[in-house]
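Asks: This is the structure, below, for whatever I ask next.
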Amino acid sequence: MKLLLYVFMQLVLVLLLAPLVDGIIKKIKAFSQKRKGPPLTQMYFDLYKLMKKDTVVSETASWVFRTAPYITFISTLLAFMFFPATVILHSISFQGDIILAIYLLGIGRFFMVLAGLDTGSTFGGMGSSREVMIAALIEPALIVVLITLGLIAGSTSIYDIMLLNLQGNSFILNPYSILLFAAIFLILLAETARIPVDDPSTHLELTMIHEAMLLEYSGKHLALMELASVIKQLLFITILANFFLPTGWLGSQATPMLSFLLALITYFFKVVCIALLIAIAEISTVKLRFFSVPNLAAISFALAFLGFMQFIILGR
Amino acid sequence: MNDYFNLILVIYIVAAFFSLIFSKKHQLTNLIANILSATASLSLLILTALHLIVSTSSVELLRITTSVPNISLVLKIDNLSAFFLLCLAILSMSVSIFSIGYMKHYFYRINIGLFNCLYNIFILSMILVITSSNLISFLVCWEIMSLISYALVVYEHDQPENSKAGLIYIIMTHLGTAFLIIAFMLIYVNTGSMEIASAGQLLSPYLKNILFFLFLIGFGVKAGIIPLHVWLPYAHPAALSNISALMSGIMIKTAIYGLIRFILVVLGASTVWWGVVILVLGAISAVLGIAYALIENNYKRLLAYSSIENIGIILIGLGLSFIAFANQQMTIASISLLASLFHLFNHTLFKGALFLGAGAIHYATHTKNLEDLGGLMKRMPYTGLLLLFASLAISALPPFNGFLSEWLTFQSLFQILTASNQGLKILALLIVAALAMAGAMAAACFIKFIGIAFLGLPRSESAQNCREVPIPMLAGIGLLALPCLLFGLFPQIILRLIDRITQEYFAVSISSGLKGISLITNNPLIINESGISLLSATIIGIIFFIVFYTIIRFIGRNTKERIFETWDCGFGGLNSRMQYTATGFSKPLRIVFRFLYRPKRLLWYNKEGPSPYYHSDLNYVVTTEPVFEKYFYHPLAHSLKRWARKSRFYIQTGSVHIYLLYIFLALIALLIYNWVCLTIC
């Protein structure tokens, strides 16, 4: 029963917050360009509109193309279930392992890439081929950061890492954590198709990666794919917010309801901070040449490794 | 139990002789021999599972002794060999069922009777290797296994590349055997016994180090550890697919059996750096193996390279186990060995399925080149689905078994990270990165395999017109691919059996201690205070699917689905030549890792076009350099040949007087040796 409540709350939270965060990033970018930008709620309307539209499926496509949006969406959602927004929410949740969560995202990627190859279009193949390269380069840095965080907490359980961070002894105050934070921030930009790696707002065939794989999708399939990608973005933002930033509002003093609300507000505030950071990163950089992405991955890995070295030498 | 086991051996022999006698009637002999073989394997499966569940001690199965000392055939089954026999039985059962359909392709083209005879003896020889309790019988069976697998690799000997593959294979495998013979002789000289059980006693630490390297090279060749892997990518594509499945699924693992049996059990793995060597070799094999797999366009060679990667992952677990054992950290040692053996079991399942699936693709399309395939998912839907399952499992994605064993390997690395000295910690972290990279590249590699072969438009006539393969073949693949999901959801079924082995060697159960694993079925797998339950995750995923599918159907209840052609930028006439090719798909990674692949690109124009910028006909060839062959094996073979040629002139001059001098010198040398021995002792 408690589990159901947890799942329900987490679901409502992610479905409400994920498109909103994307809207916030867009809004900040628009401000910097002296534009008004779309309203914060634009993505909800878009998704609703897409779901009410007819779908077009390529005659070349097999069942993989039709099921991929569902598998990608469900596995991303499932991965997010392991990242409780607040500690209070966790008390009624299930065990979550950080490696499992990352590999669940891997399933989503596997099917998205396959779907890109399924229509026989050149663009799909192009996007798929680029996506697997980025994934192969980013994965070591990501796992190294997460294992190091696990090492600090003594377990690879997401809850343990989160709890240690939120219990006053916040990670971000430590030198090694700044390195790890920087590493995972670069990974976030690569994993969520943000500007130095991929540009989410263009459909230029020479540069697109994520959008190229989705080019043949329409209607409800496209809606699911878009939703999955913003959920993935929120997931990485949550990793940064809950694993590094302080103040979790553990909620021992106030009444459960009040502390829960306060915890949610702090979580939301932290998410907005990271969104601001992403927007700033996007505004202040240009898209890298595709074959410079390995350098980005190498920097991220180097930062992660230095963070780890600093941790084992200096201790917690 | 003894009689039962002997009966199984007899059935294999009967199947072998039956097919030899009735070799003229291809249909009959193929059907009966494979049914007999599958029955024997099924019985073996039951026997070994029972042994692992019920008995803990080693049981003597068969004893044939001769009057000559040490020449005897004594078969014993203990927990370790029972586990390897279990893997063998599952695989050979499925392969035999698959062969009922698959061999139709070869009726009246090759000698089916002899083939089935060799096939059964091959399985038999692997059983004997795993159960031998005597060094000599181990070596003899090992050699029979190697020779028969050679014969099976070159079975289609009319194709010249197969003979070359066979040649490389037989040279490499005998190189390995040579090291094993030296090791066994050293053991015999120092202990005076040929029993495996007592071989480890009375060995000095110095000798143990030498023996470790001899075993590592001797078994490493068979396992395909980089840089001893060169035979693997040649032998697997040359052999028929059912043989490749057996070779990759279990034959290369007899080498892992050898490593565990001789290094852990006999030599007692008491030195930390032994584990470190195995760990580093494992990580190198994992990363380089999958890196080479990624650029391969022959799908059987791709699978062969992927076997090297998986052997690497198995070795990582094994190395960690040896390190922890030498450091007296028994729980870590047992969990690492568990991860290693579980991955070995899983690899038997999914690589067996993938090789059989590769056989099915070849059966249907007659090509081994990915560039000629495409669109098979619509034409061979069941093969496609089963291979997708196996690919997900080998890419270590949940909820399949491959994920669990990789997760356990990560957790063993994590335990080494928490409980060891600084140097080992840094090494372990680098191994974590290597493992993560191998995982992501494996996913890329199998996306390429499925995406290029099964999705998109067919790239050739034969892929266009192919049909689904017969039911026995699908059953064979299914028997291996579906358990991948089963053991992903209920891993405890197998973990409990492996626990028998770890209990025997490390005297602790994996479920014991604070950092142990719960072995109760349906419970989450908890280790390092972090638990996963793929069963509940899958159930929640299915519930999510039902809920969201209903919601989306409700919102979009007035929508239709339209089938239309793929967007072709308005030019019209999208054809299969405009798709991404297998070469193109791996191009970005080929460019990023160009220091490793050393690609060479040749472009030439056959015909001048209307202008220098338009050519009507051009050739494009891209090759990668086989680094190990070019920079290690070729120079080695070359200098060896040159040295042999030179020395022949000095030694074999053709003069009888010189030869008489040699005999005289040899006599003197022996006399001096004898005198030295007598004075010292």
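Asks: Of the numbered conditions (1) without any contact (Cβ under 8 Å) to a residue 24 or more places away in the chain; (2) in contact with a strand residue (DSSP E or B) (Cβ under 9 Å, 6 or more places away or on another chain); (3) not in a strand (DSSP E or B), B:Asn70 fails exactly one; give the number of that condition.
Replies: Of (1) without any contact (Cβ under 8 Å) to a residue 24 or more places away in the chain; (2) in contact with a strand residue (DSSP E or B) (Cβ under 9 Å, 6 or more places away or on another chain); (3) not in a strand (DSSP E or B), only one is false for B:Asn70: (1).
Asks: Quick one: would you say B:Pro491 is in contact (Cβ under 8 Å) with a residue 12 or more places away in the chain, of a type outside the set (Ser, Thr, Tyr) and surrounded by fewer than 24 Cβ atoms within 10 Å (Cβ to Cβ)?
Replies: no
Asks: Can you run down the residue pairs with Cβ atoms below 7 Å, 6 or more apart or on separate chains, where the first is in region B:600-625 and hydroxyl-bearing (Ser, Thr, Tyr) and the partner is open to solvent by 100 Å² or more (accessible area, probe 1.4 Å) and at pLDDT below 85?
Replies: Close Cβ pairs satisfying both conditions: B:Ser616/B:Lys607.
Asks: Oh, and also: For region B:325-421, list the helices (runs of 4 or more DSSP H) that sit wholly inside it and hold at least 1 residues that are open to solvent by 10 Å² or more (accessible area, probe 1.4 Å) and not hydroxyl-bearing (Ser, Thr, Tyr); which are they? So that I can check it myself, show each step before the final result.
Replies: Values: elements: B:330-365, B:376-379, B:381-394, B:401-418.
Here the list reads B:330-365, B:376-379, B:381-394.
Asks: Which of the residues that make up region A:214-244 are over 21 Å from A:Ser157 (Cα atoms), out of contact with any Lys or Arg (no Cβ under 9 Å at 6 or more places or on another chain), part of a helix (DSSP H, G or I) and within 14 Å of another protein chain (Cβ to nearest Cβ)?
Replies: Listed by number, the residues that qualify are A:Leu224, A:Met225, A:Glu226, A:Leu227, A:Ala228.
Asks: Right, something else. Tell me, which residue of region A:107-122 that is free of Cβ contacts under 8 Å to residues at least 24 places away in the same chain and buried (at least 24 other Cβ atoms within 10 Å of the Cβ) is nearest to the other protein chains (Cβ to nearest Cβ)?
Replies: Step one: filter region A:107-122 for residues free of Cβ contacts under 8 Å to residues at least 24 places away in the same chain, giving A:110, A:117, A:122.
Okay, now just the ones that are also buried (at least 24 other Cβ atoms within 10 Å of the Cβ), so A:110, A:117.
Values: A:Phe110: 6, A:Leu117: 4 Å.
My answer is A:Leu117.
Asks: Additional query: Just checking, which of A:Val230, A:Val293 is more than 25 Å from A:Tyr44 (Cα to Cα), aliphatic (A, V, I, L, M) and either more than 21 Å from the chain's Cα centre (by Cα) or buried (at least 21 other Cβ atoms within 10 Å of the Cβ) (or both)?
Replies: Working: A:Val230 fails: more than 25 Å from A:Tyr44 (Cα to Cα).
Among A:Val230, A:Val293, only A:Val293 is more than 25 Å from A:Tyr44 (Cα to Cα), aliphatic (A, V, I, L, M) and either more than 21 Å from the chain's Cα centre (by Cα) or buried (at least 21 other Cβ atoms within 10 Å of the Cβ) (or both).
Asks: Taking the stated definitions as given, is B:Glu296 within 20 Å of the chain's Cα centre (by Cα) and not in a helix (DSSP H, G or I)?
Replies: yes
Asks: Sticking with this one: Go through (1) in contact with a helix residue (DSSP H, G or I) (Cβ under 8 Å, 6 or more places away or on another chain); (2) outside the structural domain of B:Gly258 (by TED's automatic domain parsing); (3) open to solvent by 30 Å² or more (accessible area, probe 1.4 Å) for B:Asp158 and report which single condition fails.
Replies: In the conditions (1) in contact with a helix residue (DSSP H, G or I) (Cβ under 8 Å, 6 or more places away or on another chain); (2) outside the structural domain of B:Gly258 (by TED's automatic domain parsing); (3) open to solvent by 30 Å² or more (accessible area, probe 1.4 Å), B:Asp158 misses (1) alone.
Asks: Then there is this: Is it the case, given these coordinates, that B:Glu629 is of a type outside the set (S, T, N, Q), at pLDDT below 90, under 27 Å from B:Trp231 (Cβ atoms) and part of a helix (DSSP H, G or I)?
Replies: On the way: of a type outside the set (S, T, N, Q): yes; at pLDDT below 90: yes; under 27 Å from B:Trp231 (Cβ atoms): yes; part of a helix (DSSP H, G or I): yes.
Judged against the criteria, B:Glu629 is a match.
Asks: Considering every residue within region A:300-309, establish whether at least one is over 19 Å from B:Ala434 (Cβ atoms) and in contact with a Leu (Cβ under 8 Å, 6 or more places away or on another chain). Before the answer, list the steps.
Replies: First, pick out the residues of region A:300-309 that are over 19 Å from B:Ala434 (Cβ atoms): none.
Checking region A:300-309: not a single residue is over 19 Å from B:Ala434 (Cβ atoms) and in contact with a Leu (Cβ under 8 Å, 6 or more places away or on another chain).
Asks: Across region B:598-616, what is the number of residues that are in a strand (DSSP E or B), of a type in the set (D, E, K, R) and surrounded by 10 or more Cβ atoms within 10 Å (Cβ to Cβ)?
Replies: Residues in region B:598-616 being in a strand (DSSP E or B), of a type in the set (D, E, K, R) and surrounded by 10 or more Cβ atoms within 10 Å (Cβ to Cβ): 1 in total.
Asks: Answer yes or no as to whether B:Ser586 is of a type in the set (Ser, Thr, Tyr), open to solvent by less than 80 Å² (accessible area, probe 1.4 Å), over 30 Å from A:Tyr48 (Cβ atoms) and within 10 Å of chain A (Cβ to nearest Cβ). Even if it seems obvious, please write down each step before you answer.
Replies: Values: of a type in the set (Ser, Thr, Tyr): yes; open to solvent by less than 80 Å² (accessible area, probe 1.4 Å): yes; over 30 Å from A:Tyr48 (Cβ atoms): yes; within 10 Å of chain A (Cβ to nearest Cβ): yes.
Yes.
Asks: Could you list, in sequence order, all residues of region B:522-577 that are part of a loop (DSSP other than H, G, I, E, B) and small (Gly, Ala, Ser)?
Replies: First pass over region B:522-577, keeping only residues part of a loop (DSSP other than H, G, I, E, B): B:522-524, B:528-529, B:533, B:556-560, B:565-575.
Within region B:522-577, B:Ser533, B:Gly556, B:Gly570, B:Gly572, B:Gly573 qualify.
For (1) small (Gly, Ala, Ser); (2) farther than 22 Å from B:His157 by Cα; (3) in contact with a His (Cβ under 8 Å, 6 or more places away or on another chain), each residue gets a yes or a no:
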site	(1), (2), (3)
B:Ala199	yes, yes, no
B:Val230	no, no, no
B:His236	no, no, no
B:Ile250	no, yes, no
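Asks: Do any helices (runs of 4 or more DSSP H) lying entirely in region B:444-515 carry at least 1 residues that are within 30 Å of B:Thr566 (Cα to Cα) and in contact with a Leu (Cβ under 9 Å, 6 or more places away or on another chain), and which ones are they?
Replies: B:461-464
Asks: Please work out which residue is surrounded by the most Cβ atoms within 10 Å (Cβ to Cβ), limiting yourself to region B:432-459 and to residues that are more than 17 Å from A:Met213 (Cα to Cα) and facing chain A (nearest Cβ under 7 Å).
Replies: Per the stated criteria, the residue is B:Gly439.
Asks: Might you let me know whether region B:547-569 holds any residue that is without any contact (Cβ under 8 Å) to a residue 40 or more places away in the chain, on the phi > 0 side of the Ramachandran plot and open to solvent by 50 Å² or more (accessible area, probe 1.4 Å)?
Replies: Within region B:547-569, one or more residues are without any contact (Cβ under 8 Å) to a residue 40 or more places away in the chain, on the phi > 0 side of the Ramachandran plot and open to solvent by 50 Å² or more (accessible area, probe 1.4 Å).
Asks: Mind checking which residues of region A:49-72 are in a helix (DSSP H, G or I) and within 7 Å of chain B (Cβ to nearest Cβ)? Can you show your working first?
Replies: So in region A:49-72, the residues in a helix (DSSP H, G or I) come out as A:49-51, A:63-72.
A:Met51, A:Val64, A:Tyr70, listed by residue number.
Asks: Related question: Is it true that A:Glu131 is within 7 Å of chain B (Cβ to nearest Cβ), open to solvent by 10 Å² or more (accessible area, probe 1.4 Å) and under 19 Å from the mean Cα position of the chain (by Cα)?
Replies: no
The values are calculated or read from the model by the stated rules, or taken from the named source; none is laboratory data. Source: prediction; values computed, not measured. Cβ: placed from backbone, ideal geometry, glycine included. Neighbour counts: every protein chain shown. Ligands, DNA and RNA are excluded from the accessible area calculation, which covers all protein heavy atoms including side chains. Shrake-Rupley method; radii C 1.70, N 1.55, O 1.52, S 1.80 Å.
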